[in-house]
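The values are calculated or read from the model by the stated rules, or taken from the named source; none is laboratory data. Model, not experiment: these values are computed from the prediction. Counting neighbours? That spans all protein chains shown, and the Cβs are built from the backbone with ideal geometry, glycine included. SASA here: full protein model, heavy atoms, side chains in, ligands and nucleic acids out. Shrake-Rupley method; radii C 1.70, N 1.55, O 1.52, S 1.80 Å.
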Amino acid sequence: MGKMRRAGEKEMDSKQKKGKFIVLEGLDGSGKGTQVSRLAEALRQQGRKVCQTAEPTISVTGGLLRDALGGFVKRDAYELSALFLLDRIFHNVNEHNGIQQYLEKGYDVVCDRYYYSSFAYQGIDADLQWVMDMNLSCREILKPDVCIFLDVSPDVGEQRLAESRTEREIYENSQTQKKVRERFLEVFRMLEGRENIRIVDASRSVGEVSADIIEIYNSLKEK
Ligand code: TMP
């Protein structure tokens, strides 16, 4: 599968890739988890085969990342970038439940976070261009059909986290979330014309946000 693509070419041949690859991104507390599940369910109801997935994954590398995110092991931004990259390559290529094989089998893949999060989070303390180059030039890391950014102000995200969490991960504080949102928006400007990025106002009700996401998905099918 990866072998059949030219070096540096991330998009699968259209004959190979039969499903759609949809990524949801957003700040902590933006409602991504809920929306990923709702989209996956709506697609199943449309009769689609769906793989619902997330990063970090549940791989061994994902476990290392969870330890770092929980603050149990301290790692610098370059180590984190490299670990997220390794986890993402595994997420794409592993033969049991990797993204590439699901797309080939005609599944739609709905993914909670992807390389945009590495740019927005690690790109604050590590060199942003380096993080982007590592991910965007890796031919095994597929480019999504669309990245849907659930945009909430850091204050709304904070309020939602306060209601739902008793413990916080290393990035889950107002100051970092403000920087992360700015980085996301900056990166989306940098990727304009190269990636299909849609920004959705996620401060609205769950149902309104869901409806927009499904409309974006339906517009992909028409392409
Ligand atoms: P979540 O499971 O609550 O979305 O948390 C995952 C955390 O990992 C979140 O704070 C964002 C962070 N993250 C990165 O910093 N870089 C990445 O590449 C990814 C996928 C996640």
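Structural remarks
- Take Thr34: with every protein chain present and a 1.4 Å probe, its accessible area is about 70 Å².
- Simple label model, 7 Å out from Cα along Cβ direction - Val73 to Gln46, nm: 4.0 nm
- Solvent accessible area, Å² - Arg204, 1.4 Å probe, full protein context: 80 Å²
- Shown here: segment 74-223, whose C-alpha atoms stretch 40, 38, 32 Å along the first, second and third principal axes, sorted largest to smallest.
- Those chymotrypsin sites (Phe, Trp or Tyr not before Pro) in segment 42-146 that DSSP places in a loop and that have at most 15 other beta carbons within 10 Å: Phe72
- Rounded to the nearest 10 square angstrom, Val73 shows an accessible area of 60 square angstrom against a 1.4 Å probe.
- Calculated mean residue ellipticity at 222 nm for the chain: -14000 deg cm²/dmol, from DSSP H runs with n ≥ 4 weighted as -39500 (n - 2.57), summed, divided by the residue count and rounded to 500.
- The distance from the alpha carbon centre of segment 77-155 to that of segment 14-59 is 13 Å, rounded to a whole number.
- Which of His96, His91 is most accessible, then next, and so on - probe 1.4 Å: His96, His91
- For Lys20, the residues 5 or more places off, or on other chains, whose built amide H falls under 5 Å of its own are Asp108, Val109.
- Using the 1.4 Å probe convention, the accessible area of segment 18-221 works out to 46 Å² per residue with neighbouring protein chains retained.
- Solvent-accessible surface of protein heavy atoms, probed at 1.4 angstrom with all chains present, puts Ser118, Ser164, Ser37 in the order Ser164, Ser37, Ser118, largest first.
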